[in-house]
1. Rounded to whole Hz and in sequence order, give me ³J(HN,Hα) for the range A:65-79 from the Karplus expression 6.51 cos²θ - 1.76 cosθ + 1.60, θ = phi - 60°, writing x for Gly and Pro.
2. Projected onto the charge dipole of chain A (+1 at Lys/Arg Cβ, -1 at Asp/Glu Cβ, origin at the Cα centre), which of A:VAL112, A:ASN53, A:CYS90 gives the Cα projection farthest towards the positive end?
3. Only four residue types carry charge here, +1 at the Cβ of Lys and Arg and -1 at the Cβ of Asp and Glu. Report the dipole size of the protein assembly as shown about the Cα centre in Debye, rounded to the nearest 20.
4. Where is the GNM fluctuation largest for chain A (alpha-carbon springs, 10 angstrom cutoff): A:ASP84, A:ASP93, A:ASP39?
5. By the gyration tensor of its Cα atoms, with a ≥ b ≥ c the square roots of the eigenvalues, what is the shape of the range A:41-114: rounded for a/c under 1.5, prolate for a/b over b/c, or oblate?
6. For chain B, give the magnitude of the charge dipole about the Cα centre (Cβ charges: +1 Lys/Arg, -1 Asp/Glu; no others), in debye to the nearest 20.
7. Going by a ≥ b ≥ c, the root eigenvalues of the Cα gyration tensor, does chain B fall in the rounded group (a/c under 1.5), the prolate group (a/b larger than b/c) or the oblate group?
8. What list of ³J(HN,Hα) values in whole Hz, one per residue of the range B:63-72 in order, does the Karplus curve 6.51 cos²θ - 1.76 cosθ + 1.60 (θ = phi - 60°) give from phi, with Gly and Pro shown as x?
Amino acid sequence: SQKIEQNSEALNIQEGKTATLTCNYTNYSPAYLQWYRQDPGRGPVFLLLIRENEKEKRKERLKVTFDTTLKQSLFHITASQPADSATYLCALDAFTGGGNKLTFGTGTQLKVEL
Amino acid sequence: DAGITQSPRHKVTETGTPVTLRCHQTENHRYMYWYRQDPGHGLRLIHYSYGVKDTDKGEVSDGYSVSRSKTEDFLLTLESATSSQTSVYFCAISALGQGDGYTFGSGTRLTVV
């Protein structure tokens, strides 16, 4: 069966450190992989998209890697700040019969402490 | 969220009643989606639309119907609400449908009692 796995345990890190979140998937062949941020009581906000033929993508303090052999994406936030505290969702953009749609993981909660 | 609004924001309804949630966009995007979000399940796709009057089912479509008579509006109807449909419902829009980030609304918290 198809699965997207993100660490369900919260990740606690100190301000200034690099946070690394993991997204693993099975039985998908995504053309794209996306990362979203979600704050409590709000809708997800799009952060980054990476294509299957790209290894790495950067945007300001964010970096995403995509390894289609390992079926894994890593999401890094460098110089983390308390304002980065949120839940981060991985989403696969893949053909699932009837067209391409986004399928989401359950998210990892990040807490950045002073 | 800019360009997309959901209504109502909160609703409590009784089991067995029909409920309609509305998603309105001002971005003129072709693709619109309805997701539900529940603890332990994440976001799951209910229905989506790839144009006016063009809709298709997602992974959890049973008990739901949708309509899109105009580009800007996508309606989700719970035909006969059940307690298992208590959830937070999110609408999303996309210009390209593929290889494009989605823009989500603020959500509707629905409670079925």
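What follows draws every value from the coordinates through simple rules; no lab data is involved. Please read all numbers here as calculations on a predicted model, not as lab measurements. Quick reminder, even Gly has a Cβ in these numbers, built from the backbone with ideal geometry, and neighbours come from all protein chains shown.
1. 10, 9, 10, 6, 6, 6, 6, 8, 10, 10, 10, 10, 10, 8, 6
2. My answer, from the dipole projection, is A:ASN53.
3. In total the dipole reaches around 180 debye.
4. In this elastic network of chain A, the residue with the biggest mean-square fluctuation among A:ASP84, A:ASP93, A:ASP39 is A:ASP39.
5. Oblate, since a/c reaches 1.5 and b/c is not below a/b.
6. Dipole of chain B, to the nearest 20 debye: 160 debye.
7. Numbers: a/c = 1.66, a/b = 1.59, b/c = 1.04.
Prolate.
8. Here the 3J(HN,Hα) series is x, 10, 9, 9, 8, 9, 9, 9, 3, 7 Hz.
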